[in-house]
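Asks: So that we are looking at the same thing, I have put the structure below in structure tokens.
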Amino acid sequence: MTVYTAIKTVAKPTGKSIYRIEKDLGFSNGTISKWNKSMPGADSLQAVADYLGTTPQYLLRLAKEDN
């Protein structure tokens, strides 16, 4: 699983789309989608984790599980 997929998994029960997260956090369109192939910066990952009510560590651990 990638960081992108982990974020999508955590966001799904809240009804938040990746687009909505990007818009609410002031990220460029497609920023989180790029995390499908690269690692996000610590500040960006922290912002997404805070938005979703979780921790960056949880998102990274979830992303690592299926690899």
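The values are calculated or read from the model by the stated rules, or taken from the named source; none is laboratory data. These figures come from a predicted structure and were not determined experimentally. All Cβ positions, glycine included, derive from the backbone under ideal geometry; neighbour counts span all protein chains shown. Accessible surface areas use protein heavy atoms only, side chains included; no ligands, DNA or RNA. Shrake-Rupley method; radii C 1.70, N 1.55, O 1.52, S 1.80 Å.
Asks: What number of residues within the stretch 45-57 satisfy the criterion of being assigned to a helix (DSSP H, G or I) and open to solvent by 40 Å² or more (accessible area, probe 1.4 Å)?
Replies: 4
Asks: Also: Restricting attention to the stretch 12-38, which residues are under 17 Å from residue 60 (Cβ atoms) and not β-branched (Val, Ile, Thr)?
Replies: 34, 35, 36, 37, 38
Asks: Right, residue 60: assigned to a helix (DSSP H, G or I) and open to solvent by less than 40 Å² (accessible area, probe 1.4 Å) or not?
Replies: No: the conditions fail for residue 60.
Asks: Output the residue which, of all residues in the stretch 32-43 that are surrounded by fewer than 17 Cβ atoms within 10 Å (Cβ to Cβ) and touching a Ser or Thr at 6+ places or on another chain (Cβ under 8 Å), is farthest from residue 1 (Cα to Cα).
Replies: In this case the residue turns out to be 37.
Asks: Could you check the stretch 14-31 and list, in sequence order, the residues that are out of contact with any helix residue (DSSP H, G or I) (no Cβ under 6 Å at 6 or more places or on another chain), open to solvent by 50 Å² or more (accessible area, probe 1.4 Å) and either β-branched (Val, Ile, Thr) or closer than 15 Å to residue 49 by Cβ (or both)?
Replies: Hits for the stretch 14-31 are 14, 16, 24.
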